[in-house]
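Just below is one structure, and these are the notes that go with it.
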Amino acid sequence: MGLFNFLTSDIAIDLGTANTLIIHNDKIVVDEPSIIAVDRTTNKVLAVGRSAMQMHEKTHDNIKTIRPLKDGVIADFYAAEQMIRGLIKMIDTRSRLFQPSHRMVICIPSGITEVEKRAVRDSAEHAGAKEVWMIQEPMAAAIGIGIDVEQPIGSMIVDIGGGTTEIAVIALSGIVCDQSIKVAGDVFNQDILDYMRRQHNLLIGERSAEKIKIEVGAALPELDNPPEDYEIRGRDLMTGIPKVIKVTYTEIAAAIDKSVSKIEEAVLKALEISPPELSADIYVNGIHLTGGGALLRGLDKRLAAKTKLPIHIAEDPLRAVVRGTGAAIKNIDGFKNVLLT
């Protein structure tokens, strides 16, 4: 077994639209934005992750930045493979004499098609995986926040990521009913971008919209402890000159209100289609929020008001999914029921 360990390494990957996280030897070793920078003339990868993100929207004609995933699934096959390769290289395996072959467990959205699933597997295999398993995001999130998924007790998970919001009712190691909608972090960014253009005649980029969302993003127009107003710089659409304005959380709450309503509707739909016995469990256990979207100020209160159920935000919502994936690769036999091949 010692020799076998030397020749293989187990990797758990949360392949997200916005960020990719990798667990190796029970530690999160990679936490980088899902983006690569490529030289247009030679097609050579120039940067992966954070260094590529710094180039995003600031490149000249010879360099392009690509986000390989869109709405939670691989949109650019070559870029995805190069990105996985680059991120795996960041794991420190230099002490080995030769590169080990990898066993991987990768997260996928629950509403994914067979073709999209195939793309994930092929990308992982091309990037050097010997064996590939897949686990659905809500299931990984549930394991990651410490829910015993094998019990005959219903748990509801709402995982708001970058590309998709995954809502699932889980019991007996399976997803009983789920809703997967393409409204999540990226849509919030777009809403903020459009709002700034409409309301303030200010043209901002994707990265600035993301910053606004993190600093003053809110789901409710009135909060108990509101964040400070945030200064944002962009280009004035009237004069074409750069300018700076202050944004309040109330404005952002109004900007993303429609998108948050879509998430509320999907949660209600999932509750509507869940079996009555599991509904009784959810009434007691409440709803668990994971993913970056769970950090949106006031979202828990808004959902609680809409569903009249207790809402629990995961301890470290951004890493819940990758923790669950890490637990699955550590005990592949124990989690056989939840892993897809």
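The values are calculated or read from the model by the stated rules, or taken from the named source; none is laboratory data. Keep in mind that this is a model prediction, so the values were computed, not measured. With ideal geometry, Cβ positions are generated from the backbone for all residues, glycine too; neighbour counts draw on all protein chains shown. With ligands, DNA and RNA removed, areas are computed over all heavy atoms of the protein, side chains included. Shrake-Rupley method; radii C 1.70, N 1.55, O 1.52, S 1.80 Å.
Length, then width, then depth: along the principal axes, the Cα atoms of region 275-341 run 40, 30, 18 Å. What the phi angles of region 276-287 give under the Karplus curve with 6.51, -1.76 and 1.60, with θ = phi - 60°, is a coupling list of x, 5, 6, 4, 4, 5, 5, 4, 7, 7, x, 10 Hz, glycine and proline written as x. Taking Cα centre as origin and charging only the Cβ of basic (Lys, Arg, +1) and acidic (Asp, Glu, -1) residues, the dipole magnitude of region 14-75 rounds to 220 debye. Overall, the chain carries a charge dipole of about 980 debye about its Cα centre when +1 sits on the Cβ of Lys and Arg and -1 on the Cβ of Asp and Glu, all other atoms neutral.
Residues whose amide H falls under 5 Å from that of residue 135, counting only those 5 or more places apart or on a different chain, are 106, 107, 108, 340, with hydrogens built in the peptide plane. For region 99-183, the solvent-accessible area with a 1.4 angstrom probe is 33 square angstrom per residue. Stretching residue 70 away from residue 248 to a fully extended chain increases their span by 61.2 nm, per 0.36 nm per residue minus the current alpha-carbon distance. Among the DSSP beta bridges whose two residues both lie in region 89-212, what percent are antiparallel, rounded to the nearest 5? Bridges in region 89-212 are about 65 percent antiparallel. Here, the chain is characterised by an Rg to Rh ratio of 0.99, where Rg is the alpha-carbon radius of gyration and Rh the Kirkwood radius. I want to make sure I understand the PRE zone here: with the label point 7 angstrom from the Cα of residue 305 toward its beta carbon, which residues in region 213-236 have backbone N atoms less than 18 Å away? 217-227, by backbone N distance to the label point. Over the chain, Cα pairs under 8 Å with separation of 6+ residues give a relative contact order of 19 percent.
Taking the Cα centre of region 92-231 as reference, the dipole from Cβ charges on Lys and Arg (+1) and Asp and Glu (-1) amounts to some 680 debye. In the structure shown, the pairs 27/213; 58/182; 213/262; 27/58; 64/130; 70/336 are assessed against 25 Å; a Cα-Cα span above that value is assigned to 27/213; 58/182; 27/58; 64/130; 70/336. When the GluC sites (Glu not before Pro) in region 124-163 are filtered for DSSP coil states and for at most 16 other beta-carbon atoms within 10 Å of their beta-carbon, the remaining sites are 150. For residue 116 and residue 89, the difference between the fully extended length at 0.36 nm per residue and the C-alpha to C-alpha distance is 7.3 nm. Expressed as a whole percent, the accessible surface of the chain that belongs to carbon and sulfur atoms is 50, based on a 1.4 Å probe. Among 324, 146, 162, the residue with the largest mean-square fluctuation in a Gaussian network model of the chain, with springs joining Cα atoms closer than 10 Å, is 146. Seen from residue 247, the other residues with C-beta closer than 9 Å to its C-beta sum to a net charge of -3, counting Lys and Arg as +1 and Asp and Glu as -1.
How many percent of DSSP beta bridges within the chain run antiparallel, rounded to 5?
65
Seen from a random direction on average, the alpha-carbon convex hull of region 87-241 projects onto 14.7 square nanometres. For residue 307, the shell of other residues with beta-carbons less than 12 Å away shows a net charge of +1, using +1 for Lys and Arg and -1 for Asp and Glu.
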